[in-house]
Amino acid sequence: MENLEIPALIPLTEEGEQDCACGRESASASPFPSKESNQFSLLMPLNQSSGLYRKDLGHGWVLFHNPSKFSPPSILNSSACTLVDAFQSPISPERAIQMTGLPLEASASFLKEAVQAGLLVPADGSSELEEPPNPHALTLWLALTFNCNLSCRYCYVPSMPLSMTEGEGKRAVDWAIAKLKEQGLKALKIKYAGGEPLLCFDLLKAIHEYAQRKAWEENLELREVVLTNGALLEHETLAFLRGEGIAVMLSIDGLGSEQGLLRPLAGGGDSLPLVLRAIELAQSEGSKLFLSATVTSLNLEGLPKLADLAMDLGWPLSLNFYRPNGGGVALLPNPGRLVEVFQEIGELVKERLGQGKGPAPNLDLIHPASPSPYPCQGGISFFAFGPGGDFAPCPMLLGKSSASFKPSPVDEDPHCWTCFWRYLCGGGCPLLRNHHYCQAYRELIPLWLELKAQAQRVMITLARRLPRALHALA
């Protein structure tokens with residue numbers, strides 16, 4: 001076990017994109033939204049929180065999570081664990097530090113973070129009521145066109161040759177900036193989607209240039225991503241997107257016949273050769289893509305191979321569960337089999353992490369870095385615009401009635417009251433509130449927390465070895 005003198009607490013982070021309205025990847029500017037750090041004092045007795053989730057990661061690291069808090073799970077080194085375990089009964093931080101013999105300043109800083117993370121609480125029960133985390137960014141989904149060169153079996157977009165005008169796109173950006181300023185937010189995230197947005201690449205460039213200028217004028221952070229099927233990715237396109245700092249999320253559902261079954265070309269034929277060509281091109285040019293797969297009954301068995309490819313490339317992969325949105329229930333995967341396949345993926349990920357590969361794939365709508373009582377930010381800090389000025393709180397509702405859409409807090413659902421993981425799941429997609437994936441979530445969330453924590457531990461270990469290696473070469 002590595003002997004680390006300075007106690008360290010490292011919140012879990014996330015990497016990747018989702019072809020979804022979730023928006024929780026940017027839920028909070030701070031990993032610790034709790035106000036309880038204001039109560040911290042070296043003389044105030046603290047207790048270890050009851051009901052903590054704890055998982056030994058090996059190599060002197062342990063994963064901790066308080067499921068009743070909105071703070072992300074964290075990984076602690078051995079010195080940090082020693083300090084946390086000193087609070088099995090009420091004791092002051094000053095006394096705990098003296099008992100462990102750890103450095104005073106570093107230990108006090110760690111204990112303040114441990115209170116913020118919900119690992120330690122005031123022994124007198126005076127914890128302040130925690131508020132849900134505030135969003136950091138407003139996400140704007142721009143469906144540039146309803147036209148597409150693919151004909152995906154599960155697509156919710158009405159395929160037609162209808163595209164957004166440049167004026168509509170700019171007005172959507174103006175609306176989003178006004179909305180985020182009204183909410184006191186500091187960042188705008190734009191997702192260029194469709195249909196296939198690269199069919200309107202000139203429009204995308206025009207809106208990007210406008211958004212870039214407006215963000216500079218308003219002193220806002222701007223993040224952008226284009227969601228593409230990859231069939232139209234060329235050298236010039238990748239070069240522009242890379243040069244402008246626009247991320248690319250490529251949808252791919254498998255490496256075999258399942259890709260052609262689920263995502264055939266609009267005129268017929270298999271889209272897989274075009275997607276693989278795009279991946280090879282991006283890899284050869286040093287472009288890092290975000291991969292996204294929609295998990296259905298038809299491609300479930302092939303997902304381990306896709307996860308293996310993503311980790312071999314070093315690209316994030318999001319595994320998004322299929323939502324029928326009013327039809328197509330035949331594509332819903334069997335929850336029991338889904339768990340078995342994802343456990344197989346988990347074993348593969350552990351093996352690949354041991355080889356220095358990564359990152360670990362993302363699990364559907366589960367956002368470890370931003371626990372929340374809401375399943376998504378639709379209608380809160382996420383809004384979708386389509387051609388003709390169409391507006392909705394979720395892209396799946398563009399062109400449809402969204403009056404009944406309401407991402408209500410998970411604590412209002414009796415089905416979720418006793419669930420240990422409810423703030424990581426948020427109750428699931430509001431458009432599929434029949435809890436089809438509920439049991440799968442309950443079984444897979446602890447596994448995925450471990451995978452994410454192990455991936456972060458590996459990165460920490462590699463980062464610490466690099467200076468030693470450079471010193472040895474000097």
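The values are calculated or read from the model by the stated rules, or taken from the named source; none is laboratory data. All values derive from a computational prediction rather than experimental measurement. So basically every Cβ, Gly included, is an ideal-geometry build from the backbone, and we count neighbours across all protein chains shown.
From the residues in the range 227-274 that are of a type in the set (Asp, Glu) and not in a loop (DSSP other than H, G, I, E, B), which one is farthest from the chain's Cα centre (by Cα)?
Let us first name the residues in the range 227-274 that are of a type in the set (Asp, Glu), namely 234, 236, 244, 253, 258, 270.
If we keep only those that are not in a loop (DSSP other than H, G, I, E, B) too, we end up with 236, 244, 258.
Numbers: Glu236: 29, Glu244: 23, Glu258: 25 Å.
Going through the qualifying residues, I end up with Glu236.
Residues that are in contact (Cβ under 8 Å) with a residue 60 or more places away in the chain, farther than 25 Å from Ala455 by Cβ and not β-branched (Val, Ile, Thr): does the range 92-102 have at least one? Quick ask: steps written out before the conclusion?
Taking the range 92-102 first, the residues in contact (Cβ under 8 Å) with a residue 60 or more places away in the chain are 102.
Pick out the ones that are also farther than 25 Å from Ala455 by Cβ and you get 102.
With the extra rule that they be not β-branched (Val, Ile, Thr), the set shrinks to 102.
Yes; the residues of the range 92-102 include at least one that is in contact (Cβ under 8 Å) with a residue 60 or more places away in the chain, farther than 25 Å from Ala455 by Cβ and not β-branched (Val, Ile, Thr).
Each row is one residue, and each column tells you yes or no for (1) over 30 Å from Lys191 (Cα atoms); (2) at pLDDT below 95; (3) surrounded by 15 or more Cβ atoms within 10 Å (Cβ to Cβ); (4) outside the structural domain of Ile380 (by TED's automatic domain parsing).
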{"position": "Gly58", "(1), (2), (3), (4)": "yes, yes, no, yes"}
{"position": "Ile75", "(1), (2), (3), (4)": "yes, no, yes, yes"}
{"position": "Met99", "(1), (2), (3), (4)": "yes, yes, no, yes"}
{"position": "Glu105", "(1), (2), (3), (4)": "yes, yes, no, yes"}
{"position": "Glu131", "(1), (2), (3), (4)": "no, yes, no, yes"}
{"position": "Leu142", "(1), (2), (3), (4)": "no, no, yes, no"}
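It is to be established whether one or more residues within the range 298-313 are part of a strand (DSSP E or B), on the phi < 0 side of the Ramachandran plot and in contact (Cβ under 8 Å) with a residue 24 or more places away in the chain. Steps first, answer last, please.
From the range 298-313, those part of a strand (DSSP E or B) are none; that's our starting set.
No, the range 298-313 has no match at all.
Scan Lys189, Lys214, Lys179 and give me the residue that is assigned to a strand (DSSP E or B), within 27 Å of the chain's Cα centre (by Cα), in the same structural domain as Val275 (by TED's automatic domain parsing) and not aromatic (Phe, Trp, Tyr). Give the steps one after another, and end with the answer.
Details: Lys214 fails: assigned to a strand (DSSP E or B); Lys179 fails: assigned to a strand (DSSP E or B).
Checking each option against the conditions leaves just Lys189.
Output the strands (runs of 3 or more DSSP E) that fall wholly within the range 37-154 and possess 1 or more residues being more than 30 Å from Phe383 (Cβ to Cβ) and touching an Asp or Glu at 6+ places or on another chain (Cβ under 7 Å), or say none. Break it down stepwise before answering.
Values: elements: 46-48, 53-58, 61-65, 74-76, 120-122, 137-143.
Strands (runs of 3 or more DSSP E) meeting the threshold: 53-58, 61-65.
For Ser287, state whether it is within 14 Å of the chain's Cα centre (by Cα) and in the same structural domain as Gln259 (by TED's automatic domain parsing).
Values: within 14 Å of the chain's Cα centre (by Cα): no; in the same structural domain as Gln259 (by TED's automatic domain parsing): yes.
Taking the combined requirement at face value, the residue does not satisfy it.
Among all residue pairs at least 6 apart or on different chains, which show Cβ distances below 7 Å where the first residue, located in the range 49-72, is on the phi > 0 side of the Ramachandran plot and the second is of a type outside the set (Val, Ile, Thr) and surrounded by fewer than 20 Cβ atoms within 10 Å (Cβ to Cβ)?
Once the first residue is on the phi > 0 side of the Ramachandran plot and sits in the range 49-72, its partners that are of a type outside the set (Val, Ile, Thr) and surrounded by fewer than 20 Cβ atoms within 10 Å (Cβ to Cβ) give Gly51/Pro67; Gly51/Ser68; His59/Met1; His59/Glu2; Gly60/Met1; Gly60/Glu2; Gly60/Leu4; Gly60/Ser78.
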